[in-house]
Amino acid sequence: MRIRGRVVVVTGASSGIGRATALAFAERKAKAVVLAARREEALEDLARDVERAGAQALVVPVDVADEAQVRELADRAVERYGGIDVWVNDAAVSVYGSVEELPLEDVRRVLDVDVMGYLHGIRAVLPLMRDRGEGVIVNVASVLSTVPQPYGAPYSMAKAAVLALAGSVRSELRLAGQKDIHVVSVLPATVDTPFFRQAGNHTGRKLLAMPPVNSPQRVAAAIVDAVRKPEREVLVGSGAKSLVRTARRHPDKAERLIARHVDTQHLSRRHRVSPTSGNLHRPSPVHDDAAVEGGWRGRGRTGARRVALAAAAVGGGLAVRRALAGTGTGR
């Protein structure tokens with residue numbers, strides 16, 4: 001599918017990957033980008049950038065956990081532009097803490113947004129794409145869907161569910177003979193976004209972006225490419241392919257290594273923090289972190305040598321050492 005002249009819906013567009021993706025489609029001559037997230041003022045600011053890039057913009061404030069709001073999003077896009085060619089499910093939240101101690105209302109909220117929100121998007125747009133006979137749905141998942149991390153069970157659970165959801169929809173489309181409707185899962189490694197400052201955190205330790213940290217523009221470019229040439233899964237970021245390959249071949253070693261990496265690189269041992277639900281139940285302040293990048297790449301978040309040494313310490317083979325030397329997980 002060529003991008004020029006297409007109508008694209010992006011959820012989670014107020015910051016991070018979603019914001020970068022909206023701009024990427026505008027720069028590649030999409031006709032219109034429909035911007036969805038909870039923070040209307042942040043979307044209005046983004047709409048001006050989208051329009052400067054040459055595309056039309058429509059702002060629709062949405063909480064994707066509410067199915068009625070998501071259907072209204074699809075209806076607004078069709079009413080304004082006549083149809084939807086591309087739907088990017090990107091809206092996501094997270095909470096960190098031990099499985100035993102996480103507040104269940106926080107866990108449910110992660111699943112409502114990160115799983116049901118994606119399902120709501122698919123259910124809203126799929127009938128429209130069936131009628132048109134073509135379209136691309138992109139679900140932003142994570143390498144954590146394959147390599148679950150300690151203290152991040154809700155997010156890993158959700159992203160694994162996203163992969164399963166995409167596979168089921170692809171099978172149903174295949175059985176229905178819908179060859180020109182594609183469902184793509186994009187699996188980024190760690191990305192430099194405000195996500196880690198916005199997340200809920202009940203670990204008592206400050207949350208850091210786990211190195212190496214990739215640019216959100218890199219993920220946005222991969223999403224655009226996935227629309228142009230759809231594939232089943234697209235792995236994005238330093239070490240993502242090697243890490244997922246290793247996890248599938250040597251799951252026990254990969255689990256031990258990612259656990260050590262989270263403990264030494266993802267959760268600070270120097271900075272203690274009070275429990276917070278972050279932006280789970282209410283959005284961040286309007287102008288707080290309404291940006292593409294989170295500033296993590298400029299903070300010396302590398303640490304690849306330490307990860308490689310950890311791999312060797314537990315007896316990992318060469319493939320494992322290479323994979324974990326490039327590990328980074330999450331948004």
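Per residue, the solvent-accessible area of the chain (1.4 Å probe, heavy atoms of protein chains only, all protein chains present) comes to 42 Å². With q set to 0.13, 0.18 Å⁻¹, the log10 of I(q)/I(0) for region 109-207, from the Debye formula over equal scatterers at the Cα positions, is -0.52, -0.87. Each residue of region 123-132 was assigned a 3J(HN,Hα) from its phi angle through the Karplus expression (A = 6.51, B = -1.76, C = 1.60, θ = phi - 60°), giving 5, 6, 9, 4, x, 5, 5, 4, 5, 7 Hz with x at Gly and Pro.
Here the contact order of region 1-152, divided by its residue count and restricted to Cα pairs under 8 Å and six or more residues apart, works out to 23 percent.
Antiparallel beta bridges, as assigned by DSSP with both residues in the chain, represent about 10 percent of the total such bridges. Counting protein heavy atoms only, region 180-250 has 41 percent of its accessible area on carbon and sulfur, 1.4 angstrom probe.
For helix 16-27, what angle does its Cα long axis make with the longest principal axis of the chain, in degrees from 0 to 90 and rounded to 10? With both axes taken from Cα atoms, the answer is about 40 degrees.
Ratio of alpha-carbon Rg to the 2.2 N^0.38 Å globular estimate for region 195-289, to two decimals, please. Intermediate values should be presented prior to the final figure.
Working: Rg = 16.5 Å, N = 95, 2.2 N^0.38 = 12.4 Å.
Cα-based Rg divided by the globular estimate yields 1.33.
When the charge dipole of the chain is built from unit charges on Cβ atoms (+1 for Lys and Arg, -1 for Asp and Glu) and taken about the Cα centre, the candidate among 9, 254, 296 whose Cα reaches farthest toward its positive end is 254. Our summary gives the chain a relative contact order of 21 percent, counting only alpha carbon pairs under 8 angstrom and 6 or more residues apart. Calculated FRET efficiency, residue 52 to residue 100, Cβ-Cβ distance, R0 = 45 Å: about 0.35 to the nearest 0.05.
Checking (1) 32, 22, 18; (2) 43, 28, 16; (3) 46, 24, 16 against semi-axes √(5λ) of the Cα gyration tensor in Å calculated from these atoms, the matching label is (1). Report the normalised scattering of region 1-78 as log10 I(q)/I(0) at q = 0.12 Å⁻¹, calculated by the Debye formula with identical scatterers on the alpha carbons. Relative scattering, expressed as log10 I(q)/I(0), comes to -0.27.
Using just its DSSP H runs of length 4 or more, each adding -39500 (n - 2.57), the chain gives a mean residue ellipticity at 222 nm of -13500 deg cm²/dmol after division by all residues.
For region 17-133, the spread of Cα positions along the three principal axes, ordered from largest to smallest, is 49, 31, 20 Å.
In region 99-144, carbon and sulfur make up what percent of the accessible area (probe 1.4 Å)? For region 99-144, the apolar C and S fraction of the accessible surface comes to 51 percent. The spread of Cα positions in region 31-71, taken along each principal axis and listed from longest to shortest, comes to 31, 20, 8 Å. The label-point distance for residue 2 and residue 268, in a model that sets each label 7 Å from Cα toward Cβ, rounds to 5.0 nm. Looking at region 3-35, the trypsin sites (Lys or Arg not before Pro) that sit in a DSSP loop and have at most 16 other Cβ atoms within 10 Å of their own Cβ are 4, 29. Computed from Cα atoms, the angle from the helix 40-52 axis to the main principal axis of the chain rounds to 70 degrees.
Around the amide H of residue 9, modelled in the peptide plane, lie the amide H atoms of 34, 86, 87, 88, all under 5 Å away and 5 or more residues distant in sequence or on another chain.
Evaluating 6.51 cos²θ - 1.76 cosθ + 1.60 at θ = phi - 60° for every residue in region 210-226, the Karplus couplings come out as 6, x, x, 9, 9, 6, x, 5, 5, 5, 4, 4, 5, 5, 4, 4, 5 Hz, glycine and proline recorded as x. Axis of helix 153-175 versus longest Cα principal axis of the chain: the two differ by about 40°, to the nearest ten degrees.
The values are calculated or read from the model by the stated rules, or taken from the named source; none is laboratory data. Fair warning: this is a prediction, and the values are worked out from it, not measured in the lab. Note: ideal-geometry Cβ built from the backbone for every residue, glycine included; neighbour counts use all protein chains shown. Each accessible area value is taken on the protein alone, full model and side chains, heavy atoms only, with ligands, DNA and RNA left out. Shrake-Rupley method; radii C 1.70, N 1.55, O 1.52, S 1.80 Å.
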